[in-house]
There are 2 protein chains.
Amino acid sequence: MRITLLAATAALALATPGAHAATAEDKAAATLLGGEKFAKARASLEADYDRIIQDIITLTEIEAPPFKEDARGAAYMAMLKAEGLTDVERDEVGNVMGLRKGTGGGPLIVVTAHLDTVFPGGTNVKVRREGNGLYAPGIGDDTSSLPVLLAFIRAMKHADYATRADILFMGNVGEEGPGDLRGSRYLFQKGKYKDRIKYFISFEPGEPGRITNAGTGSRRYKVTFNGPGGHSMGDFGIVSPAFAMANAMVAFGKIKAPVEPKTVYNVGILEGGTSVNSIPFATAMTIDMRSNGKPELDAEEKQFLALLQPAVDAENAARSVAKGKISYDAKLIGDRPVGTTAQDARIVKIAAAVARGSGVEPRYGAGSTDSNIPMSMGIEAVTLGSGFETFRAHSLEEGMKMNPPEDLKNMAVGLATVLALAEAR
Amino acid sequence: MRITLLAATAALALATPGAHAATAEDKAAATLLGGEKFAKARASLEADYDRIIQDIITLTEIEAPPFKEDARGAAYMAMLKAEGLTDVERDEVGNVMGLRKGTGGGPLIVVTAHLDTVFPGGTNVKVRREGNGLYAPGIGDDTSSLPVLLAFIRAMKHADYATRADILFMGNVGEEGPGDLRGSRYLFQKGKYKDRIKYFISFEPGEPGRITNAGTGSRRYKVTFNGPGGHSMGDFGIVSPAFAMANAMVAFGKIKAPVEPKTVYNVGILEGGTSVNSIPFATAMTIDMRSNGKPELDAEEKQFLALLQPAVDAENAARSVAKGKISYDAKLIGDRPVGTTAQDARIVKIAAAVARGSGVEPRYGAGSTDSNIPMSMGIEAVTLGSGFETFRAHSLEEGMKMNPPEDLKNMAVGLATVLALAEAR
C-alpha cells in the first residue's frame with residue numbers, strides 16, 4: 001500500500017457532528033451511529049479486542065510472500081467460515097472469500113484486506129511484543145486489517161444487523177509490488193462476482209477519516225540492454241550496453257513531469273555485468289512511472305519508450321559494432337491503472353459522513369491499492385484505514401501499537417461505513 | 001591470466017635451429033637441447049604423462065576460489081615435498097614452495113604456477129572426460145600448469161641435472177582478478193626470499209614460444225554513489241544516485257584512450273537500488289582501466305577520477321537536495337603495476353633461444369600475470385606457456401585437450417628454458 005494525501009477537505013466543517021451542513025448521508029450516519037444496535041456492535045468489538053490481537057499474531061506468523069499467499073489464505077478462509085459466512089471459497093488466483101447475505105434486492109459490496117506482504121519467504125515473521133507494541137515484518141501492512149474484518153462480521157451478528165446488500169468479505173492476494181494487484185484484477189475481470197460488484201472497500205493500515213478515493217496509476221518496465229560482450233583489454237573499442245543504458249538514464253532524468261496531476265518517474269534497480277574486466281553482454285534497469293492522471297501517465301510512458309532507441313543508436317555510433325550491435329528489450333512488469341471515485345459518489349459521501357459523524361475530519365487521498373482496479377473501471381471504490389496505528393511498513397522493523405480505546409474507536413468508523421453502505425437495519 | 005600478443009618478432013628467422021644468426025644463447029640452447037641428459041629428461045616427461053594428467057584431475061577437483069586456496073595449496077605443498085625439495089613451506093599469504101638447491105654461488109630463480117581459479121566456492125569442479133578432452137572450471141587456468149612443474153623436478157632428477165642456480169618451485173595464490181597478484185606481491189615485497197630472487201618464470205596455459213615479457217598495468221575502482229533515497233512517488237524530485245552514476249558513465253565513455261601503448265577502460269559491473277518504487281540510496285559501478293604504459297595508465301586514471309565530482313554536481317544541480325545531496329566514494333580495488341622485461345634481458349634471450357632451438361618461433365606479448373610485480377621492480381621475469389592446449393578459460397565450459405606428442409614437446413620447451421636459465425649441467 002502507498003497512500004499520499006491529496007488535500008484536506010471540509011476545511012470549514014467543524015469536527016463535531018451536527019455543526020456540519022448536514023447532508024442526507026450525515027443524517028443517516030447520525031441515526032446509525034446513535035442507534036442501540038450500533039452500541040451493541042461497539043460492545044462486541046470491545047469484547048473482541050484480545051481475540052483480534054491474537055488473530056493478528058496468528059496470521060502474521062504465517063508468511064505470505066508475493067505469489068505465495070496460499071498458507072495464510074487457507075487459514076483466513078477457515079476463519080471466514082467459522083464466522084458463519086456462506087459460499088466460502090478460494091478462487092483461482094488465491095483470493096479467499098465468503099458471503100454475508102443481505103435481505104435481498106441490494107447491491108454486492110466487497111470488503112477486503114490483502115493477504116500478501118512484501119517480505120520474501122524465509123523472513124523471520126515471529127511476532128515480538130514490547131510494551132504496547134507488536135513487531136514483525138508484515139504485521140501492519142496489511143495483516144492487521146484481516147482480523148478486523150472478522151470482528152466486523154461478529155459485531156454485525158451480535159447486534160443482529162440485517163443489510164439490504166450482500167457483503168463479500170475477502171482476503172485478497174497480490175496487492176504488493178510484484179503482485180501487481182492480481183487478486184483485485186481477477187475479482188473484477190474474471191471472478192464469479194465480477195458483474196455484480198457495485199461497491200468495493202479495501203482496508204489498509206491507517207487512520208479513520210482518511211479516504212483514498214483516487215488510484216495512482218503506474219507503469220513499470222525492466223529494460224535490458226544487450227551487446228556482444230568481451231574482454232576489457234582484448235575487445236576494447238566495441239559497444240557496451242553499460243554506456244547505452246547510461247545514455248538512456250541521462251535522457252530519462254531530463255523528462256519534465258507534470259506537477260498536477262502528480263506524475264513521477266524513477267530508476268529503481270540497476271544491474272549488469274559479470275566481472276570487472278569483462279565488457280558486459282547485458283545490463284538492465286528497472287524503472288517506475290506513476291501518475292494520478294491517465295493521460296499524463298500515458299504521455300510519460302510514451303516519452304520513456306521513445307528515448308530508448310536513440311540511446312542505443314548513440315552507443316552503436318560511438319563505438320565499434322564489428323562484434324555486434326547493442327539492442328534493447330523493454331518489458332512491462334507492472335501496470336496499475338489510474339482511477340478515481342468522485343467525491344460525490346455514494347461510497348465517498350457515506351465514508352465522509354460516517355467519519356464526520358464519528359468526530360473525524362475526512363481527508364481525501366490518492367494511493368496505489370487494490371481499489372485502483374475498480375476505480376479504473378468506474379466502479380465505486382475507496383481504501384480506508386482499518387484502525388491500528390502501524391509503522392515502518394515494508395521494513396524489517398515493521399510494527400503496530402495496541403491502544404484499545406483509540407483502536408476500537410477507529411474500527412467503529414470502518415464498521416459504520418460498511419453498515420451505512422449496506423443499508424443496515 | 002590474460003595475454004595479448006604485442007608483435008611477432010624474429011620474422012626473418014627460419015624456425016629451424018641453425019638457420020638463425022646464432023647468439024651465445026642459441027649456442028647454449030642447442031648444446032642443452034642436443035645433450036644426452038636432455039634426452040633422458042624428455043624420456044622422464046614422456047613416462048610421466050599419465051601421472052601429470054592424474055595430478056591435474058586431483059588438483060582441479062580441489063576448489064581454489066580467490067582467497068580460498070588453502071586446501072589446494074596444502075595438497076600441492078605435499079606434492080612438492082614428495083619430489084624431494086627442501087625448505088618446503090607455506091608463507092603467510094598461502095604461497096607454497098620448496099627449494100631445489102643448486103651447486104652454489106648461483107642466483108635464485110622462482111618457477112611458479114598459480115593455485116587460484118576465478119570460480120567461487122561451490123562451483124562443480126568434478127572433471128569430465130570426453131574423448132581426448134578434460135572439462136572442469138579452472139582445469140586449464142592455471143591448474144594444468146601445476147603438475148607440469150612437478151614433472152620438471154622429476155625430469156631434472158631422472159637426468160641427474162645439477163644447476164648453478166637455486167630454483168624455488170612454487171604454487172602461488174591470488175593471481176586472478178580480486179586476488180590482485182597478492183601472492184606474487186608478497187613474495188617480492190615481504191617474503192623471505194624477496195632480496196634474493198633474480199629471475200621469475202610463471203607458467204600459464206599457452207603455447208611454447210609465447211613469451212610474455214610485458215605486464216599490462218591495471219587500476220580498478222568500485223565507485224559508489226550515495227544519496228538520501230526515498231519513495232518514487234512521495235519523494236519525487238530529489239536527487240538520485242542512479243542519475244549521477246549515469247552522468248559519470250557517459251563522461252567515462254567519452255575518454256579517448258591512446259592506441260599505443262594500448263590503453264583501455266571498461267564499466268564491468270553495475271548495481272544499485274532495492275525496489276522498483278524506491279529512489280536508490282546507493283548505486284555502484286565497478287570499472288577497469290588498463291594500459292601497457294605507466295604514464296598512459298596514470299593519465300587515464302586521473303581523467304576518470306576527475307569526472308566523478310562533476311557528474312555528482314550535475315545531479316545535485318538538476319534535482320532537489322532538500323533531503324540530502326549525492327556524494328561518491330571511489331575505492332581502488334585493483335592495482336597491477338605496468339612493467340617490462342626488455343627483449344635483451346637474459347631471461348628473454350634464453351626463452352627465445354630455447355624456443356628457436358626447439359623449432360618454435362618466439363613471439364612476445366603483454367599480459368596481466370604474476371610477472372607484473374617483478375617486472376615493475378626491474379626484476380627479470382617472463383610468463384611462459386606450460387604446454388597443454390586449453391580453452392574457454394574463466395567459463396564453466398573450461399577444458400583442455402590431451403595430445404601427448406604435442407603436449408610433451410611443448411613441456412620440453414619450458415623445461416629447457418628453466419635448465420638454461422639455471423645453468424644446468
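The values are calculated or read from the model by the stated rules, or taken from the named source; none is laboratory data. Keep in mind that this is a model prediction, so the values were computed, not measured. Here the Cβ is made from the backbone with ideal geometry for all residues, glycine too, and neighbour counts use every protein chain on show. For accessibility, only protein heavy atoms count, side chains too; no ligands or nucleic acids. Shrake-Rupley method; radii C 1.70, N 1.55, O 1.52, S 1.80 Å.
Label-point spacing at residue A:333 relative to the other copies reads 2.2 nm, in ascending order, each point sitting 7 Å out from Cα along Cα→Cβ. In a DSSP loop and with at most 16 other Cβ atoms within 10 Å, the trypsin sites (Lys or Arg not before Pro) in the range B:79-126 are B:101, B:126. Along the range A:384-396 the Karplus relation, 6.51 cos²θ - 1.76 cosθ + 1.60 evaluated at θ = phi - 60°, assigns HN-Hα couplings of 10, x, 8, x, 7, 7, 10, 7, 6, 3, 6, 10, 5 Hz to successive residues, with x for each Gly and Pro. In the range B:333-415, with Lys and Arg counted as +1 and Asp and Glu as -1 at Cβ, which of these residues, B:405, B:350, B:372, has the Cα nearest the positive end of the dipole, that is, farthest along it? The residue sitting farthest along the positive end of the dipole is B:350. Of the residues in the range B:262-301, those shielded by at least 40 Å² of accessible area once partner protein chains are present, compared with the chain alone at a 1.4 Å probe, are B:262, B:264, B:265, B:266, B:267, B:268, B:269, B:270, B:276, B:290. Each residue of the range B:100-112 is assigned a 3J(HN,Hα), and the resulting list reads 10, 5, x, 7, x, x, x, x, 9, 10, 9, 10, 9 Hz, derived from the Karplus form 6.51 cos²θ - 1.76 cosθ + 1.60 (θ = phi - 60°), x at Gly and Pro. For residue A:320, nonlocal amide neighbours, meaning residues 5 or more places apart or on other chains whose placed amide H falls under 5 Å from its own, are A:238, A:239. Once B binds A, the 1.4 Å probe can no longer reach about 3600 Å² of accessible area, counting both sides.
The charge dipole of the protein assembly as shown, taken about its Cα centre with unit charges on the Cβ atoms of Lys, Arg (+1), Asp and Glu (-1) only, comes to about 520 debye.
Close amide H partners of residue A:268, meaning residues 5 or more places away or on another chain with modelled amide H under 5 Å apart, are A:286, A:287, A:288. For A:281, A:304, A:236, the ranking by accessible surface with the largest value first comes to A:281, A:236, A:304, using a 1.4 Å probe.
Its Cα gyration tensor gives the protein assembly as shown an equivalent ellipsoid, and the semi-axes of that ellipsoid, as √(5λ) in whole Å with the largest first, are 74, 28, 21. Counting only protein chain heavy atoms and rolling a 1.4 Å probe, the accessible areas of B:158, B:394 rank, largest first, as B:158, B:394. Summing Cβ point charges (Lys, Arg +1; Asp, Glu -1) relative to the Cα centre of the range A:88-215 gives a dipole of roughly 440 debye.
A cut-off under 13 angstrom between Cβ atoms defines the neighbours of residue B:35, and their net charge, with Lys, Arg +1 and Asp, Glu -1, is +3.
Given A:323/B:254; A:222/B:331; B:37/B:157, which pairs have Cα atoms separated by over 18 Å? Pairs exceeding the cut-off: A:323/B:254; A:222/B:331.
Annotation: amide H of residue B:64 within the under-5 Å range of B:117, sequence separation 5 or more or interchain, hydrogens built in the peptide plane. Which distances, shortest first and in nm, link residue B:178 to the matching position in the other copies, using label points set 7 Å out along Cα to C-beta? Output for residue B:178: 2.5 nm, nearest copy listed first. Among B:203, A:391, B:67, the sequence by solvent-accessible area, most first, with a 1.4 Å probe is B:67, A:391, B:203. Karplus-based coupling profile of the range B:128-142, in residue order and whole Hz: 10, 9, 8, x, 9, x, 10, 10, 5, x, x, 5, x, 9, 10, with θ = phi - 60° in 6.51 cos²θ - 1.76 cosθ + 1.60 and x standing for Gly or Pro. Within chain A, helices built from complete DSSP H runs that reach 20 Å or longer along their own axis (Cα positions) and carry a mean Kyte-Doolittle hydropathy of 0.5 or higher are A:404-421.
Give me the tail of P(r) for the range B:376-416 as a percent: Cα-Cα pairs with distance above 12 Å.
Of all Cα-Cα distances in the range B:376-416, 67 percent exceed 12 Å.
Just the number, please: carbon plus sulfur as a percent of the accessible area of the range B:276-379, 1.4 Å probe, no ligands or DNA/RNA counted.
Carbon plus sulfur share of accessible area: 54 percent.
With kT/(6 pi eta Rh) evaluated at 37 °C and eta = 0.692 mPa s, and Rh the Kirkwood radius from Cα pairs, chain B diffuses with a coefficient of 143 µm²/s according to Stokes-Einstein. As a ratio to 2.2 N^0.38 Å, the alpha-carbon radius of gyration for the range A:64-159 is 1.21. Relative contact order, whole percent, for chain A stands at 26, derived from Cα pairs under 8 Å and 6 or more residues apart.
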